[in-house]
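Novice: Once you've had a glance at the structure underneath, I'll fire off some questions.
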Amino acid sequence: MKKLVIALAISLCLVGLAPAQTPLQPGFSFGFKGGLNIADFSGKDVDTAFRTKAGFALGGLVSYQINNALAVQAEALFTQKGSRIFVKVQGTTLNEWVKLSYIEVPLLLKFFPPMESAVRPILFAGPFLAFKLSFKDKWEYGSQSGNEDITTYREMDAGFAAGGGVDFPVGKGTRMSAEVRFTRGLSTLSKDSAEKGYNAVFAILVQVAFGK
């Protein structure tokens with residue numbers, strides 16, 4: 001993961017060395033994106049035994065380029081969230097995976113700083129809604145194991161997403177981008193809103209879009 005972040009940072013530093021840009025034309029584009037999730041829980045009521053859990057995100061998008069600097073993008077992503085526990089209990093290792101699968105729908109405002117380069121940095125932010133597909137609690141403790149449905153979590157999450165990356169052309173009418181994104185739920189995980197625990201995900205995503 002660190003190598004991917006370093007590569008993205010290097011790309012941003014080399015933006016000024018790329019060929020002169022073609023202005024982004026107003027209009028719609030459609031595409032797909034996917035990548036790696038590093039998920040965890042955050043909040044004052046989250047047990048300190050929870051650790052990050054890897055997953056993935058994959059889905060489609062529609063984007064409208066307003067002008068050379070601004071675009072609005074809606075996405076529909078299958079995304080894996082949750083967390084993991086790995087602790088010793090009375091000399092025996094407890095492994096537990098909280099596996100939360102959602103359809104997540106972000107609506108993002110994207111900003112492309114004007115630069116004399118075909119490779120352009122992107123900054124973006126916006127809200128999202130996420131809808132439950134499957135909530136599972138899988139655990140292993142010595143010779144015992146289980147895989148159970150979680151019924152105490154809310155079936156819908158809402159929050160915000162923000163991040164940045166680089167965007168560049170890969171052919172006529174086709175653009176590709178790489179981004180890092182942080183999403184944070186604002187709805188408590190538990191149906192008991194007094195328990196302050198929330199979804200938090202750091203993602204590294206690649207996008208391909210076709211249009212003007």
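Throughout, read-outs are computed from the coordinates displayed, never taken from laboratory work. Note that this is a predicted model, so its numbers are computed, not measured. Using ideal geometry, Cβ is built from the backbone for each residue, glycine included, and neighbour counts are taken over all protein chains shown.
Novice: Could you list, bin by bin from short to long, the percent of Cα-Cα pairs of segment 12-122 in 10 Å steps?
Specialist: Bins of 10 Å from zero give 13, 27, 26, 19, 11, 4, 1 percent of pairs.
Novice: Quick one: which of Lys110/Lys172; Lys81/Lys172; Lys33/Lys88; Lys33/Lys138 span more than 30 angstrom between C-alpha atoms?
Specialist: Over 30 Å Cα-Cα: Lys81/Lys172; Lys33/Lys88.
Novice: Whole-Hz Karplus ³J(HN,Hα) for segment 89-94, in order, using 6.51 cos²θ - 1.76 cosθ + 1.60 and θ = phi - 60°, x for Gly and Pro?
Specialist: Values, residue by residue: 10, 6, x, 10, 7, 9 Hz.
Novice: Among the trypsin sites (Lys or Arg not before Pro) in segment 28-66, which ones are in a DSSP loop with at most 14 other Cβ atoms within 10 Å of the Cβ? Mind listing them?
Specialist: Lys44
Novice: Let me ask something else about it. Roughly how tilted is helix 2-13, in degrees to the nearest 10 and between 0 and 90, from the longest Cα axis of the chain?
Specialist: 20
Novice: Project the alpha carbons of segment 21-72 onto their principal axes and report the range along each, largest first, in whole Å.
Specialist: Principal axes ranked by extent give 49, 22, 20 Å for the Cα atoms.
Novice: Ignoring everything except DSSP H segments at least 4 long, calculate the 222 nm mean residue ellipticity for the chain; use -39,500 (n - 2.57) per segment, divide by total residues, nearest 500.
Specialist: Mean residue ellipticity, 222 nm, calculated: -2000 deg cm²/dmol.
Novice: Please order Ser29, Ser83 by the number of other Cβ within 10 Å, starting at the fewest.
Specialist: Lowest count first: Ser29, Ser83.
Novice: Starting from the amide H of Leu70, placed 1.01 Å from N in the peptide plane, find each other amide H under 5 Å away whose residue is 5 or more places distant or on another chain.
Specialist: Result for Leu70 returns Phe112.
Novice: Per the Kirkwood treatment, what hydrodynamic radius in Å, one decimal, follows for the chain from the mean inverse distance over all distinct Cα pairs?
Specialist: About 18.6 Å for the chain.
Novice: Still on this structure, please answer the following. Take the alpha carbon atoms of segment 102-170, find their center, do the same for segment 33-61, and report the distance between the two centers in whole angstrom.
Specialist: Taking the Cα centre of each part, segment 102-170 and segment 33-61 sit 8 Å apart.
Novice: Another question, then. Quick one: Karplus J couplings for segment 178-186, per residue in order, coefficients 6.51, -1.76, 1.60, θ = phi - 60°, nearest Hz, x for Gly and Pro?
Specialist: Those phi angles translate into 10, 8, 10, 9, 10, 10, 9, x, 10 Hz.
Novice: Within the chain, what's the longest stretch lacking GluC sites (Glu not before Pro) that sit in DSSP loops with no more than 15 other Cβ atoms inside 10 Å?
Specialist: Here the longest segment lacking exposed loop sites spans 1-115.
Novice: Okay, moving on. Counting other Cβ atoms within 10 Å of each Cβ, which trypsin sites (Lys or Arg not before Pro) in segment 128-200 have at most 14 and sit in a DSSP loop?
Specialist: Sites meeting the loop and neighbour criteria: Lys172, Lys191, Lys196.
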